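The block underneath contains the structure these notes are about, expressed in structure tokens.
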Amino acid sequence: MQRRILIVPLVVAMVAVVFLEFAATRSGTYEVVRSTKIEAPAPVVFAQLADFKAWTAWSPWEGKDPQMKKTYDGPAGAVGSSYAWQGDEKVGEGKMSITEITPPKTLKLRLEFIKPFAAVATTTFDVAPAGDNAVTAKWTMTGTNSFMSKLFGMVKSMDAMIGGDFDKGLASLKEVSETEAKKQADEAAAEKAKADEAAAEKAKADEAAKAAEAAPKGKGKGKGKGAKAKGKKKKH
């Protein structure tokens, strides 16, 4: 019995060692990728990505903590622009900064997690043409796995942890972008109709002015000839 009691901890320790050794062989990097097609021009979609204040309309983490504190720094849509957040255990604490930007195609961010764990990742958004007034928006996040991340990844991968959030965020980005594209198209059509109406009114006014200018000259000439004729008659 005593021998059996000693064997159990030894077996547990051996299993733990094997588990840790296996975890150490796991990939040192991770990548999460999601994409969607959006029926909107690239500049419209890119505008929702490059300005951190626009993220409030589509970010999958925005509504998880209504009391979340946000700090914006730097000019929107420029290298160095950043967005920091502080929230509850659902959103944690961190900061995003633009490191590269090529409108309306590519946006690269440095993503720093502070709480509940410290880590750094790279986030990239690629906007590529996908037909007339449509694009494919791709959201990619890459990073390195610490030993603890490798251990946790054996239970749940990074893709499983945040892939669903990426899908949700892209669905919202699609809705926001397509709504904005329709709004801009309607405004442009209204402006064109207004300009066309103004041009038609001007053309009509110009035509009337020409007619009015020509009419008195004709009448004056007629009157002059009549008077001249009458004068000749009187002479006879």
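The values are calculated or read from the model by the stated rules, or taken from the named source; none is laboratory data. Note that the coordinates shown come from a computational prediction; the quantities given were computed from them, not determined experimentally. With ideal geometry, Cβ positions are generated from the backbone for all residues, glycine too; neighbour counts draw on all protein chains shown.
A few comments on the model shown:
- Within segment 136-150, residues that are more than 20 Å from LEU109 (Cβ to Cβ) reach partners that are of a type in the set (A, V, I, L, M) and modelled with pLDDT under 60 with beta carbons closer than 6 Å, at six or more positions or on different chains, in the pairs LYS150/ALA23.
- When segment 152-171 is limited to residues that are surrounded by 18 or more Cβ atoms within 10 Å (Cβ to Cβ) and at pLDDT 95 or above, the one that is farthest from the chain's Cα centre (by Cα) turns out to be PHE166.
- Qualifying positions in segment 91-110 - buried (at least 17 other Cβ atoms within 10 Å of the Cβ), β-branched (Val, Ile, Thr) and closer than 18 Å to VAL44 by Cα: ILE101
- The residues in segment 118-151 that are at pLDDT 95 or above and under 18 Å from the mean Cα position of the chain (by Cα) can be counted, and the count is 17.
- Yes/no for ASP88 being surrounded by 16 or more Cβ atoms within 10 Å (Cβ to Cβ), over 18 Å from the mean Cα position of the chain (by Cα), of a type in the set (D, E, K, R) and modelled with pLDDT under 95: no
- For segment 54-69, filtering for residues that are over 18 Å from ASP165 (Cβ atoms) and not in a loop (DSSP other than H, G, I, E, B) leaves 1.
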